[in-house]
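Inspection log for the structure reproduced underneath, given as structure tokens.
The values are calculated or read from the model by the stated rules, or taken from the named source; none is laboratory data. Here the structure is a predicted model, which means the values were calculated and not measured. Virtual Cβ from ideal backbone geometry, glycine too; neighbours counted across all protein chains shown.
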Amino acid sequence: MVLIAALAVFGAAVGAWVRPRAAAVVAAGLLGGAMRFAVDLMLVVERAAPHPTQWMNDLGAWAADPGMDYLAATATAAAAAFFAALLSLILGERIEIGRPKDRSGRWRRLKGMIEERPTQSAAEARLHSMYDGGPPI
């Protein structure tokens, strides 16, 4: 159950981060199956060890659980990614309401986001006056 919970958290992180969202669900499912395969590889090492450690015995007990097969691992990660992608799609649109975009689709800075810096503004004005044909500095 611990691995299933870890796969759910992992799938949710992938679903919220990876774009496009459909690829996130597929990627989380594939990576969930790959993580289960890694557990199987560790079990091969455990069986070959003459005196396995306690965590390897615990890993063997986890893998022997019928609820820990490949289907459960893949489905858990993919379902968590699906719900995370769905929530980020819904909430992502609501968070940014009212913030304007420019022609290329990027977010524009609002007036309160930019701090006025008098020293840099004076230096910028001097540079602009040089190139605009104003009086020399």
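Table for the structure above
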item	result
Inter-residue pairs, beta-carbon under 6 Å, first within 20 Å of residue 33 (Cα to Cα) and in region 47-70, second charged (D, E, K, R) and surrounded by 11 or more Cβ atoms within 10 Å (Cβ to Cβ), 6+ apart	56/46; 60/46; 70/36
Failed item, numbered, when residue 128 is tested on (1) surrounded by 10 or more Cβ atoms within 10 Å (Cβ to Cβ); (2) at pLDDT below 70; (3) assigned to a helix (DSSP H, G or I)	(2)
Test: residue in region 78-88 that is modelled with pLDDT under 70, surrounded by 10 or more Cβ atoms within 10 Å (Cβ to Cβ) and either basic (Lys, Arg) or assigned to a helix (DSSP H, G or I) (or both)	no
Tabulated pairs, region 18-33, first touching a residue at least 12 places away in the same chain (Cβ under 8 Å), second aromatic (Phe, Trp, Tyr), C-beta under 7 angstrom, 6+ apart or interchain	25/82; 33/70
Subset of region 2-40 (residues that are among the aromatic types (Phe, Trp, Tyr) and crowded, with 18+ Cβ neighbours inside 10 Å)	10
Flag for residue 43 being modelled with pLDDT under 85, buried (at least 16 other Cβ atoms within 10 Å of the Cβ), of a type outside the set (Lys, Arg) and part of a helix (DSSP H, G or I)	no
